[in-house]
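J.: After the structure tokens below, expect a handful of questions from me.
The values are calculated or read from the model by the stated rules, or taken from the named source; none is laboratory data. Since we're looking at a predicted model, the values are computed, not measured. Neighbour counts run over all protein chains shown; Cβ positions are idealised from the backbone, glycine included. These accessible areas exclude ligands, DNA and RNA; they are computed on the full protein's heavy atoms, side chains included. Shrake-Rupley method; radii C 1.70, N 1.55, O 1.52, S 1.80 Å.
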Amino acid sequence: MKTITCQVVEISPLTEHVYKVLLKPEQAVSFEAGQYLNFVMSEEDKRPFSIASAPESEIIELQIGAYGADSYPMQVIDRIKASATVQVEMPAGKAQFRADSERPILLLAGGTGFSYIKSIFEHLVNSQCQRPVIVYWGLREPSACYELEKTAQTIGKLAHSSFIPVVETPDENWQGKVGLVHEVAMKDIVSFEPYDIYLAGRFDMVGKVRQDFIEQGGIKAHMFADAFAFI
């Protein structure tokens, strides 16, 4: 990994608890779709966040969910707000997109795990991918959703694609699918055997999804998540 100084271009709220951060590296950087970076608070304190932008972008995007005034991620948000430049270490992670496969692609994320799959599907659009792509994004409630229309438009540029947002607790205006996101996918897809599967979310969620998908035909060697290194 390289230590990179970045200019803070923008920090803005996506929801009450999720912030979009745009950083401009002061030198050329390279990474693969689906990798992450470490935000450097100090030499002894480096905090991982998925990169939400595609490798082709000159701007690095992060989507940081921050709950609580002095929480682990809110400390990062406060540092960014107070700084003109910040330092990151990158790239990191082994769950990057596998471009050498010809299998259909399933991207599934919960909450701000969306950052991970966003980098991948934007890269697929940029590279004019012809493989079938299915994207599931699970959220607790409609108020936690952001950039749904923009996401649908981006994924819609792919030749063979679908985007399925799912909420656990709908309101009267929600018109999409309801439930746990991976259980919705299990109802939609008869067998996961054909797919390369990319997963992001809480570690307990990712572990459960892997177990359930394997029971429905998913192949462990074709499933990718950085969480797998810790569970």
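J.: Is it the case that region 139-155 has a residue that's among the aliphatic types (A, V, I, L, M) and surrounded by fewer than 19 Cβ atoms within 10 Å (Cβ to Cβ)?
T.: Within region 139-155 (the criterion being among the aliphatic types (A, V, I, L, M) and surrounded by fewer than 19 Cβ atoms within 10 Å (Cβ to Cβ)), the answer is yes, since at least one residue qualifies.
J.: Condition first: of a type outside the set (D, E) and part of a helix (DSSP H, G or I). Now tell me which residues in region 188-205 satisfy that. Give the derivation first.
T.: So the first thing to find is which residues in region 188-205 are of a type outside the set (D, E), and the list is 189-192, 194-195, 197-203, 205.
Residues satisfying the conditions are F203, M205.
J.: Okay, moving on. Name every residue in region 1-16 that is part of a loop (DSSP other than H, G, I, E, B) and over 21 Å from S42 (Cα atoms), in order of residue number.
T.: Correct list: L14, T15, E16.
J.: Test of understanding: among S71, S53, which residue is of a type outside the set (A, V, I, L, M) and either open to solvent by 20 Å² or more (accessible area, probe 1.4 Å) or in contact with a Lys or Arg (Cβ under 7 Å, 6 or more places away or on another chain) (or both)?
T.: On inspection, the qualifying residue turns out to be S71.
J.: Same structure, new question: Taking region 156-190 as the region of interest, how many residues are within 21 Å of P132 (Cα to Cα), open to solvent by less than 50 Å² (accessible area, probe 1.4 Å) and under 19 Å from the mean Cα position of the chain (by Cα)?
T.: Summing the residues that are within 21 Å of P132 (Cα to Cα), open to solvent by less than 50 Å² (accessible area, probe 1.4 Å) and under 19 Å from the mean Cα position of the chain (by Cα) in region 156-190 gives 11.
One line per residue, one yes/no per condition, for (1) farther than 16 Å from I117 by Cα; (2) small (G, A, S):
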{"position": "V166", "(1), (2)": "no, no"}
{"position": "N173", "(1), (2)": "yes, no"}
{"position": "H182", "(1), (2)": "no, no"}
{"position": "I189", "(1), (2)": "yes, no"}
{"position": "I197", "(1), (2)": "no, no"}
{"position": "G201", "(1), (2)": "no, yes"}
{"position": "M205", "(1), (2)": "no, no"}
{"position": "G218", "(1), (2)": "yes, yes"}
{"position": "D226", "(1), (2)": "no, no"}
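J.: Run P194 past the list (1) within 18 Å of R103 (Cα to Cα); (2) free of Cβ contacts under 8 Å to residues at least 60 places away in the same chain; (3) out of contact with any helix residue (DSSP H, G or I) (no Cβ under 8 Å at 6 or more places or on another chain); (4) not polar (S, T, N, Q) and report the number of the one that doesn't hold.
T.: With respect to (1) within 18 Å of R103 (Cα to Cα); (2) free of Cβ contacts under 8 Å to residues at least 60 places away in the same chain; (3) out of contact with any helix residue (DSSP H, G or I) (no Cβ under 8 Å at 6 or more places or on another chain); (4) not polar (S, T, N, Q), P194 is out only on (2).
J.: Among the listed residues Y136, Y198, which satisfies the condition of being at pLDDT 95 or above and closer than 19 Å to F49 by Cβ? Full working, then the answer.
T.: Working: Y136 fails: closer than 19 Å to F49 by Cβ.
Only one candidate qualifies: Y198.
J.: Tell me, please, whether a residue that is of a type in the set (K, R) and touching a residue at least 40 places away in the same chain (Cβ under 8 Å) can be found in region 161-180. Write out each step before concluding.
T.: At the first step, the residues of region 161-180 found to be of a type in the set (K, R) are 177.
Going one step further and asking which of them are touching a residue at least 40 places away in the same chain (Cβ under 8 Å), we end up with none.
No, that holds for no residue.
J.: Shifting gears a bit: Working carefully through the options T15, T5, find the one that is more than 13 Å from the chain's Cα centre (by Cα), among the β-branched types (V, I, T), open to solvent by 10 Å² or more (accessible area, probe 1.4 Å) and within 26 Å of V209 (Cβ to Cβ). Talk me through it step by step, then tell me what you get.
T.: On the way: T5 fails: within 26 Å of V209 (Cβ to Cβ).
The unique qualifying residue is T15.
J.: Also, I was wondering about something else. Show me the helices (runs of 4 or more DSSP H) entirely contained within region 49-156 in which 1 or more residues are over 30 Å from G217 (Cα atoms) and touching a residue at least 12 places away in the same chain (Cβ under 8 Å).
T.: 72-81, 114-126
J.: Still on this structure, I have one more. Scan region 31-38 and tell me whether some residue there is in a loop (DSSP other than H, G, I, E, B), among the acidic types (D, E) and surrounded by 18 or more Cβ atoms within 10 Å (Cβ to Cβ).
T.: Within region 31-38, one or more residues are in a loop (DSSP other than H, G, I, E, B), among the acidic types (D, E) and surrounded by 18 or more Cβ atoms within 10 Å (Cβ to Cβ).
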